[in-house]
Amino acid sequence: MLTFIMLARLATLCPAPVLQRVDRLIEPLRATCTAKVKAGSVKQEFEKQDELKRSAMRAVAALLTIPEVGKSPIMADFSSQIRSDPQLAGLFESIQDSASAPSTDSMELS
């Protein structure tokens, strides 16, 4: 989860280097977003997986703010996969909505 937070931060602070490596970043994001918890798992496992998915979706949302990211065929494919899956699309929309809401948190950007 920390890796996804760092990726979202890097996409904001220095998008050019992140854009150079975006193809390598998509596969771990895809694996996290599409992972399924075993049916016999305890509630904590479901919650952990949901938090990981939310964190990965925040990273995807941050990557999509980079203007040239649309040129990557792997990113375009992953983005369409997110939109086509109802569960992932709903999660992504909730992340987008919370990101557009004004934040009461003020984080140091330097």
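Calculated mean residue ellipticity, 222 nm, the chain: -23000 deg cm²/dmol, from DSSP H runs (n ≥ 4) at -39500 (n - 2.57) each, averaged per residue and rounded to 500.
Our Cα-only numbers for the chain put the radius of gyration and Dmax at 14.4, 45 Å.
Note that the stretch 18-66 carries a Kirkwood radius of 11.8 Å, evaluated over its alpha carbons pair by pair. To put it simply, the accessible area of the stretch 1-49 at a 1.4 Å probe is 62 percent carbon and sulfur.
Shown for the stretch 4-88: lysine pairs separated by 8 or more places, or found on different chains, whose C-alpha atoms are under 27 Å apart, numbering 6.
The values are calculated or read from the model by the stated rules, or taken from the named source; none is laboratory data. Note that this is a predicted model, so its numbers are computed, not measured. Just so you know, the surface numbers come from the protein's heavy atoms only, side chains and all, with ligands and any DNA or RNA stripped out. Shrake-Rupley method; radii C 1.70, N 1.55, O 1.52, S 1.80 Å.
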